[in-house]
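Participant: Sharing a structure below in structure tokens format, with a few things to ask.
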Amino acid sequence: MTQTMEARLQELAAGGSPSPGPPDSVTPERAAGASGGSKISPATAGPSVNPPSHGTPQNPAQPR
């Protein structure tokens, strides 16, 4: 198996073209996109948070 893979890598390095693979295989180029969109709405989203750079009493800033 190792010899087969090494031989194929040498063929590709010498200019050989990659095989297309099975016609019914799923590849990133042909994958279907997500359907339905985001399940997050303003009603279900968390509160907007913009903590101060120095931290808060509940979560103080950590020394760097």
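The values are calculated or read from the model by the stated rules, or taken from the named source; none is laboratory data. Here the structure is a predicted model, which is why all the values come from computation and not from measurement. Don't worry about glycine lacking a Cβ; one is built from the backbone with ideal geometry, like all the others, and counts go over all protein chains shown.
Participant: Does the stretch 12-30 include one or more residues that are surrounded by 10 or more Cβ atoms within 10 Å (Cβ to Cβ) and at pLDDT 70 or above?
Facilitator: Looking for residues that are surrounded by 10 or more Cβ atoms within 10 Å (Cβ to Cβ) and at pLDDT 70 or above, one finds at least one in the stretch 12-30, hence yes.
Participant: While we're on this one: Confirm whether residue 48 is in a loop (DSSP other than H, G, I, E, B) and at pLDDT 70 or above.
Facilitator: So residue 48 passes the test.
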